[in-house]
Structures are given as C-alpha cells and as structure tokens.
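Everything below concerns the one structure shown next.
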Amino acid sequence: MCVKDWWNLWQKRKGLALAVLAFVLGQAYFSFKGVETFPWLHFGMFSAPYQSPPEYLDLEQGLHSVLKELPAKKREFVVQNAKFWLQRHQNETAQSPVAEAIEQRFPSAKFPQVHALLHKNLNQNHVSSAESAAWFYSLEGVNSQGPDLLLIRLRGVGENRITEYYTLPKPNP
Amino acid sequence: MKHGLRKRPELFWRRLAGFLLLLLWFRQGWGGVWLSQLGSPPFANPEADWLYWLLQALGIPQFFLGSWGSWVLDIALGLGLVMQCFFPLKAWVVRLNVLSWLLYFVSYYAAFTMHNHGLIGGFALQLALSIKPFSLGLSGLRYYVLWMHASALGWKLARGTAWSPQHALDVLTHQQAEALHDAGHWVHFFLENPWVWWIGWYSALIWQGMHLLGFFTRKLDLVFFVGLFVFHIGNLLLLDTTFSDVLVVALAYVPLAWMDRGKTHT
C-alpha cells in the first residue's frame, strides 16, 4: 500500500514525493549514525541504555520541597533544568557537547564567522552558574529574600544510597 | 452540493484539530509551562539538532523565551487556535498555527534542555491539515505516526535494549526512582513480580513493531488507534512521562475511513 500511495503521489506531486523519499532516506541514514539530527526523526521511547544507577532530584529551601508545590509539567521542567545546571556545575571547565558539535560541524579554522555566531547563540557556557541559579530563586514557592539558600538534593536509590547537596548561590540584590 | 460535501470533512477535522490543540494548549498553561510562565529561563539547549541550531542561531527561541516575546507567542497560539475553530476553512489561519506551534515546541524544548518531542504531534497534525488535497495530508500523517512508533522499536533493536529484560526494569526504576523509597508504593509490586512488567513491556514492543504492517494495510488501524491511547496513557501513569502530548495524532487513524465513505456518497 505504501509503495502504491507513494507512486500515486509521484504521479500527482513530484516535489512532495521527493520530499517524502528524502525523509525516509534521511531517517535511515541518521538512525544508522545514531544521532538526533532533526526533531521529527527521533522517537527512541526509552531505547537508550542507562549508564548510571537510578537517582532523583529535589529542590529544597529550609525544610520544604519547592518542587512539590509546582504543577507536574512545571516540576518536570524545573527538574530537567536543575539537572542541566548540575551537569554544567560539575564540569565547568569541560567543553559542552554543543561546543564540541559546533567545532566538528563548523571548525573555527575553516568557518571563523559562522563558528563565532553559533558559539554565541548555541553554546551555553557563557551563562554562568550564578546567573542561571538566579532563575531558580525566581520560581514560585521560593523565598528569595529569606535567609535560607536553595539546595539541589540528589538522592541515589538501591545500592547507590548516597545523598548529595548542591547550593544554588543567591542572586545579587 | 458536491462541493459542499467535499469540504465538509475538511471543515470538521480542522475544527476538531483546533479544539483538541486548544485543550492541549490550555493543559500546558494549567501545567505552568506556557512560555510566559517560564520566567525567561537561562538555558536553551539545541542539542545536535539542525532545526534548533538554525532557529537559535537566528535568535528566535531566545526572543520567544524573553519577557514580552513569550507573551506574543502564547497569545498568537491561543488566538490562532480559537480562530481555527471558528474559521476552519481559512488556509492562512491553519498555516499560521503550523508556524506558531513549530516555534512554540522548539522554544519550549530548547528551554526544557532535553528534546522530548511529544508536542510534535500537534505540529504534524496541523501540517497535515494545511496540505491540499486534504486526504493526502492525512495519509501522510498516518504514515508518519506509523513511522514514529515503528522506529521506536528500531532504535531499541539498534541499541540492543529490546532484548534486555534488565533494561525493561531499569526504565521503571529510573522513572520511579523517588517511589522506590516508599515501601507501600505500587512500583514494588512490579519489582517483586517482574514478569508482570515484562508482559507489559514486551507487549508494547510488539505493538510498536506491528506498525510496520500498517505501511501495507489499513486493517490494523483500530488496533493502532486503541493501542495509542493504552500505550501513551500507560506511559503517563506508570512512567510519569509527558509524551502523551502526542496523542492528538490519533486522528490520523480515524478520518480516512470517514473520508472514503464520504467519497462513495458524492
């Protein structure tokens, strides 16, 4: 059926048929390369193997959990941003994966202007840890004026029961 | 009369799609994730995605995540969907909504710092409804939804996780990590009786693989339609994911039969 439909499309609208063919070939190529390259080409649905034991993250101020006060979608958004903040905080000197990809796709020696533009707009290294921490203090349920600092608590489960705390620096008044 | 009959399904499906996406848009707002509710988040992670690279290099998601740019897109999206419900035959309204939804999901996932892709369903649906002839767009959407799910099995086979019972349990423990501390939580039932979890997991994998058959026959569309809800709502309840946003693409399995019926009458 799909070949017949495609053939009908080819006879009626060649441009669109070519676009469909390009999509299928592109998907096959990028799946083979294992790279997420366009948003509509990658639907892994829990296909990637896990590299570390399970752990979960909470955002705490004083003795209360900030996350528990947020609606589910916002909570997920904040957790993901906190994970991103942690990754960068733990590897501040390391080059980000995006910076590596820019260098790989547009080497600075060959494309200095494009490289500089992409670095400015894509790479997140220019956002400092303290600057991004300020955003967490602006979340609802966080008291930015109080004495308590905001903490990211990372808690392991199973054999990895270690709990780690990371302090988010307060924004300058 | 003939002209009217031809246009009627288009009018109905565009209106229905507009309404469903409006519900999804409200759900985003209820969940606190309209762009204007995000408070200008500091990060915008493009990953290795060329589309995100292009838009971010032009500063577009950064603008729509900003203090007033976010309001512009939120309002444009909401108003556009309301207009689609009232004026479904205005092609420019649907096209504007295609663009707004694209900008919304790219800006949102960039700020999310991980590309979850669930909102692509809304974009794909709108894009399908903007293509002429109408049946062509819906056929294309159906193939895309088939591909979306079949390729999910493909990725698991390519990465070697499809055959691993341990991976199936890892998915559960990572997604429900916090609940593992609660001895009374239902997650322990699956960990103590892993075969129950494996039945569900491998059924889902078989269902994903069955989508390959959908490229050759439409007879399984009802299975895909029902399975889509079972699978994504199951994921939402058991694995706490928000990929269920993609459910709007379920429309891809419905209309062709209705369209064909319409044609025989005309």
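The values are calculated or read from the model by the stated rules, or taken from the named source; none is laboratory data. Remember, predicted model here, so these are calculated numbers, not experimental data. Note that we place each Cβ from the backbone using ideal geometry, even for glycine, and neighbour counts take in every protein chain shown. These area figures cover heavy atoms from the full protein model, side chains too; ligands, DNA and RNA do not enter into them. Shrake-Rupley method; radii C 1.70, N 1.55, O 1.52, S 1.80 Å.
When the accessible area of the range B:1-130 is split by element with a 1.4 Å probe, what percent falls to carbon and sulfur?
For the range B:1-130, the apolar C and S fraction of the accessible surface comes to 75 percent.
Could you give the distance between the Cα centres of the range B:41-82 and the range A:63-126, to the whole Å?
If you average the Cα positions of each part, the centres end up 16 Å apart.
Could you tell me how many degrees, from 0 to 90 and to the nearest 10, lie between the Cα long axis of helix A:112-122 and the main elongation axis, the longest principal axis, of the Cα atoms of chain A?
Approximately 60 degrees, to the nearest 10.
Hey, what do the phi angles of the range B:204-211 turn into as Karplus ³J(HN,Hα) couplings, whole Hz, using 6.51/-1.76/1.60 and θ = phi - 60°, x for Gly and Pro?
Taking θ as phi minus 60°, the curve returns 5, 5, 5, 4, 4, x, 4, 4 Hz for the range B:204-211.
Just report the Cα centroid separation between the range B:172-196 and the range A:138-170, whole Å.
Each part reduced to its Cα centre gives a spacing of 25 Å.
At 1.4 Å probe size, with every protein chain present, just tell me what the per residue accessible area of the range B:139-254 comes to in Å².
Normalised by residue count, the accessible surface of the range B:139-254 is 43 Å².
Taking θ = phi - 60°, what integer Hz values does the Karplus form 6.51 cos²θ - 1.76 cosθ + 1.60 yield along the range B:30-43, in sequence order, with x for Gly and Pro?
4, x, x, 10, 5, 4, 6, 9, 8, x, 6, x, x, 9
What ³J(HN,Hα) values, in whole Hz, does the Karplus curve 6.51 cos²θ - 1.76 cosθ + 1.60 give for the range B:169-174 when θ = phi - 60°, with x put for Gly and Pro?
Coupling constants for the range B:169-174: 6, 4, 4, 5, 5, 6 Hz.
Roughly speaking, to the nearest percent, how much of the range A:50-173's 1.4 Å accessible area is carbon and sulfur?
Reported share for carbon and sulfur atoms: 52 percent.
Per the Kirkwood treatment, what hydrodynamic radius in Å, one decimal, follows for chain A from the mean inverse distance over all distinct Cα pairs?
20.2
Find the sum over both chains of the accessible area lost when A and B are paired, probe 1.4 Å, and report it in Å² to the nearest 100.
6000
Nearest 10 degrees is fine. How inclined is helix A:2-12 to the longest principal axis of chain A, computing both from alpha carbons?
70
To one decimal place, what Kirkwood hydrodynamic radius in Å is obtained for the protein assembly as shown from all pairs of distinct Cα atoms?
Hydrodynamic radius (Kirkwood, Cα pairs) of the protein assembly as shown is 23.6 Å.
What's the whole-number percent of alpha carbon pairs in the range B:1-130 lying beyond 24 angstrom?
In whole percent, the share of Cα-Cα pairs in the range B:1-130 beyond 24 Å is 30.
Please tell me which of these pairs span more than 25 angstrom C-alpha to C-alpha: A:K73/B:K156; A:K74/B:K156; A:K4/B:K90; A:K68/A:K170?
Correct reply: A:K73/B:K156; A:K74/B:K156; A:K4/B:K90.
For the range A:42-59, list whatever residues lose no less than 30 Å² of accessible surface once every protein chain is in place, relative to that chain by itself, with the probe at 1.4 Å.
Buried by 30 Å² or more upon assembly, which counts only protein chains, are A:H42, A:F43, A:M45, A:F46, A:S47, A:P49, A:Y50, A:P54, A:Y56.
Compute the distance in nm between two label points, each set 7 Å from the Cα along the Cα-to-Cβ direction, one at B:S203 and one at A:E131.
Result for the modelled spin labels: 5.1 nm.
List the residues whose amide H sits under 5 Å from the amide H of A:L150, counting only those 5 or more places along or on another chain, with H placed 1.01 Å from N in the peptide plane.
Answer set, sorted by chain and number: A:L168.
Would you please give the FRET efficiency between B:R15 and A:Q145, computed as 1/(1 + (r/R0)^6) with r the Cβ-Cβ distance and R0 = 45 Å, to the nearest 0.05?
0.40
What is the calculated FRET efficiency for A:L63 to B:V223, with r their C-beta to C-beta distance and R₀ = 30 Å, to the nearest 0.05?
0.05
What order do B:F123, B:F26 take when sorted by accessible area (1.4 Å probe), most exposed first?
Listed by decreasing accessible area, they come as B:F26, B:F123.
Taking 1 over the mean of 1/r across every pair of different Cα atoms in chain B, what Kirkwood radius in Å do you get?
Every distinct Cα pair counted, the radius reaches 20.3 Å.
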